[in-house]
1. Once you charge only the Cβ atoms, +1 for Lys and Arg and -1 for Asp and Glu, what is the size of the charge dipole of the range 1-96 about its Cα centre, to the nearest 20 debye?
2. For residue 63, which sequence-distant residues (separation of 5 or more, or a different chain) have an amide H within less than 5 Å of its own amide H, given hydrogens modelled in the peptide plane?
3. At what distance in nm do the modelled label points of residue 108 and residue 45 sit from each other, each positioned 7 Å from its Cα along Cα→Cβ?
4. Given H placed 1.01 Å from N in the peptide plane, which residues other than close sequence neighbours of residue 48 have an amide H under 5 Å from its amide H?
5. Quick one: grab Rg to one decimal and Dmax as a whole number for the range 2-50, Cα atoms only, in Å.
6. Three principal axis extents, largest first, for the C-alpha atoms of the range 2-114, in Å?
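We did not get these values from a lab; they are worked out from the coordinates using the rules stated. On a predicted model such as this, the values are computed, not experimentally measured, just so you know. Reconstructed Cβ throughout: ideal geometry from the backbone, glycine too, with neighbour counts over all protein chains shown.
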Amino acid sequence: MTAQTLGLTNRRIKAAVNVSNLGLAPTNTNFRLAFYFSTDSTITTDDTFSGSYCDIAPLAGGGTSNCTVAVTVPAGLVPGTYYLGAILDDMNVLAEGNETNNSRAADSGAVTLVSTCILKMGLSLAPGNLTMNFALGETEPLQWTTWLITGFSAKQLWTRSLPVIDSPTAFSKSIPGIANGGTIAVFTELAAAGKGILCYDFKTINTSGAGPAAQELIEVLRRQGITVPIQP
């Protein structure tokens, strides 16, 4: 079993499990593979049920089945470290000779749940190019919007949709035609439909030792109706 190791509270975490019937007899009936969150690596039905499961069709003796699912993070889980695990036949519909091998915590390790997505930018200035990289952990498409501030003017560089991100991922974007001189700033936000801004970052790079301060650059954005919900 594998699962992403970074997730958001009240969102979803992608998991994948391979199920094997280790016996010689077929199961003869459908059963479910259910996902639980635990504070330790021992997964039992006393742990927090996610509400997510895969319906597994009857398996022949020695047969296998794969389950890939976006597991819902229950609303009651607060930010912290958890183990995501799966329990096979947690409803006890199968007659089994061995009931002790039906649960497993993700082999990928513990899951860190945070209340906002993780967005960190790093700026580097090459001749004529500004490159930024950031990483995040998300499981739903996001809208990525970035502004560039030079001097006392701001312009929106791009707005685009990001695909589903199910693990911390790096993105890069080059901005051509930026000359050295003064302070350059970049503000990026990530938003989800109906949920507003999930996370954001603001970075400055001073190319000449002169130019407006970061707070002044934020005011440039605000004067143009762009809300920057962070302090420099």
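1. Numbers: 4 positive and 7 negative charges, 84 e Å.
Result for the range 1-96 is approximately 400 debye, rounded to the nearest 20.
2. Answer set, sorted by chain and number: 21.
3. For residue 108 paired with residue 45, the spin-label model returns 2.7 nm.
4. Counting only residues 5 or more places away or on other chains, the set is 37.
5. 13.9, 41
6. 44, 23, 21
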